Structure formats: C-alpha cells, structure tokens
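Take a look at the structure below.
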C-alpha cells in the first residue's frame, strides 16, 4: 500500500500545486494531518480530490472554522472518531487540537458548561466591553471634530505652536481612552473572572482527554487489529501502550519538524510541514524545509519505507525503517 502524507499547509497553496504536478495517481490514500487553513481552502481540496484515492483528513488549529457535519469534499473524509478501511489497513483518529479546538463537538460541550457556570461574570464582561467601545467611539469622534475645527482656523499647520497644540490634544485623548478601560480591567482582574479563565483551561484539557478516550472506544467497538491500524491526529498522541493498544503507525503534524521513528511497537511519523514559513514561531533553528512524505507498506517483508520529499529542488534520499509488525 502506498500513501501520501502531508500536514500544515496553513495559508500557502503554491507547494500543494507543485506536489500535484510531480505526483501521479498511484497512491491508495492521501493523509492530511491537519492545518489545511482557511485561505484557498476550496482550491486546496480541488487539488487533493484530483488524486484517484480517498483523502483522509483531520483538522488542526488552523481549521478552527471548519464544521464537523457533512462531507469535507468530493473525495475527502473527515477522520474524526470513525474508521476507514483502505486495503488491509484501518485508519482512525480525531480532529482538532488543544492549541485551538475550533468547532470540535466535545470541546463545544466543555465550553458550554464553563460558560453556563460563569454566566454572571461573563455578562459583566460583555457589558463592560460594550460600554468601553461606545465611549471610545464618542471620545474619538469628539477629538476628530476638535482637531478639524482647530486646523480650519490655522493658516500654517507647520508652525511649532500648532504642532504642540495637536500633541497636547492627542495626549488628552489618550488619557480619556485609558480611563474608559478601567471598568473592563476591574472585571478581568476579579477573582470570578480568573476562576472562569482557569475553567477554560480545564475545558481544553478535558476535551483532549475525552477525544482520545472516544477514539479508543471506537477502536475497541470495531475491534480494529492494532498492527493493521494507522492513527491520525494533528498533535502527537502519547502513551499508546498504557491504553493497551499500540497501532502500526501514528501520523501527525503541528510541530514543524519531520521525524520518523519507532517506539514500543509503533512507527511515529511527523509529516509536517508543507508550509515552513511559520516554523520560526517555535523558536528553533533545527527545522526542516517544506515537504511531504511518500509511504510504502510492505507487510510481506515486514517493512515500512518513508521517503521525505522537500521543495526548492531538494530531495532527501529514501529513509527506510524496517521492523517486525507483529501478529
């Protein structure tokens, strides 16, 4: 079985176009481990759909506006708490990322419970914010009129006296704008609001645990054989062994550094990034250029080959990692 794996396209589409130009329709599946991005989204899926095979996708933190209901595109399937069989292998996983869960249904449940619990302080926050925005508009309008009126009475606006007067007016405006935010600051520094923010963090953690738990429930219910399973998520999942289920392979992205290794019977593949422009966010210098991976599964010889393809004319040699799949 041959697979094309990629991740973290973000707002770039140029490298996806290059990928399509140089790859033929000789794959059994495409795996997209999140962060398709909102920009050029329809065109990206048109390119992915042009491959004559299923496109198995999970959402990442750049896909936080993407919905979980309905079909993603013509050939694309959202791999969220479901199993898709391709040849003798089973793909499963979940969508979303703790960095930004977006419209993940489990996270929305957790978020709703937090908002209901802290409805009182959220209403105060809403009122304080609305009050501040209204006052801001009034103050800015007042000073625009004042400056225009003053300028209309001055023949030479280059004079130091005029510039000094403008500077004083601007300073006074900034002081008034600063004062109107006091009500809002009192809310966000209150104990109740801090408790709300703490519970927001707990909701993110709970969503992570529940999504992973639900994925393992699906695996158990459908009795997926571990050594024929490929788990896909945007961020790496740890501690498979503690769950009593070590899949053949785990494909993920998010951290912008290609990596392929084996740990406790599972092959781990970080396929990202297609877009290396955001790699600097992580503050590292040992980061890979943009690229994607070709995977070849050879159960007859107990072997998985991963070939990392990079752009800008750079192509690394095939990295073969062989090992016994297990029974």
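Each reported figure results from applying straightforward, stated rules to the coordinates on display, with no laboratory input. This structure is a prediction, so every number in the text was calculated from the model and none was measured. Counting neighbours? That spans all protein chains shown, and the Cβs are built from the backbone with ideal geometry, glycine included.
At a glance:
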item	result
Antiparallel bridge percentage (DSSP; both residues within the chain; nearest 5)	55 percent
Helical mean residue ellipticity (222 nm; -39500 (n - 2.57) per DSSP H run of 4+; nearest 500) of the chain	-13000 deg cm²/dmol
Potential lengthening between residue 242 and residue 202 on full extension [0.36 nm per residue; Cα-Cα distance subtracted]	12.2 nm
Shape call, segment 42-110: gyration tensor on alpha carbons, a/c limit 1.5	oblate
Of 64, 179, 75, the one that fluctuates the most in a GNM where the chain has Cα springs shorter than 10 Å	179
Burial ordering of 10, 234, fewest other beta-carbon atoms within 10 Å first	10, 234
Stretchable slack from residue 83 to residue 140, in nm (0.36 nm times residue separation minus alpha-carbon distance)	14.9 nm
Sorted by Cβ neighbour density within 10 Å, fewest at the top, the residues 56, 4	4, 56
Principal semi-axes in Å for segment 183-273 [√(5λ), Cα gyration tensor, largest first]	36, 17, 9
Fewest-first sequence of 186, 308 by Cβ atoms within 10 Å of each Cβ	186, 308
Helix 191-221 axis, angle to the chain major axis (alpha carbon atoms, nearest 10°)	20 degrees
Contact order normalised by residue count of the chain, Cα under 8 Å, 6+ apart, percent	19 percent
Folded to 0 to 90 degrees: helix 105-117 orientation relative to the chain principal axis, Cα	40 degrees
Segment 113-199 - percent relative contact order, Cα under 8 Å, separation 6 or more	53 percent
Mean-position separation - Cα centroids, segment 205-236 and segment 89-105, in angstrom	10 Å
Mean Cα-pair separation over length for segment 18-69, i.e. relative contact order, pairs under 8 Å, 6 or more apart, %	46 percent
Angle in degrees between helix 119-152 and the longest Cα principal axis of the chain, rounded to the nearest 10	50 degrees
GNM flexibility winner over the chain from 220, 96, 34 (Cα, springs under 10 Å)	220
The chain, Rg to Rh (Cα coordinates; Rh as Kirkwood inverse mean 1/r)	1.14
Estimated FRET transfer efficiency (residue 153, residue 178; beta-carbon r; R0 41 Å; 0.05)	0.90
Anisotropy class of segment 113-199 from Cα gyration tensor, a/c 1.5 cut	prolate
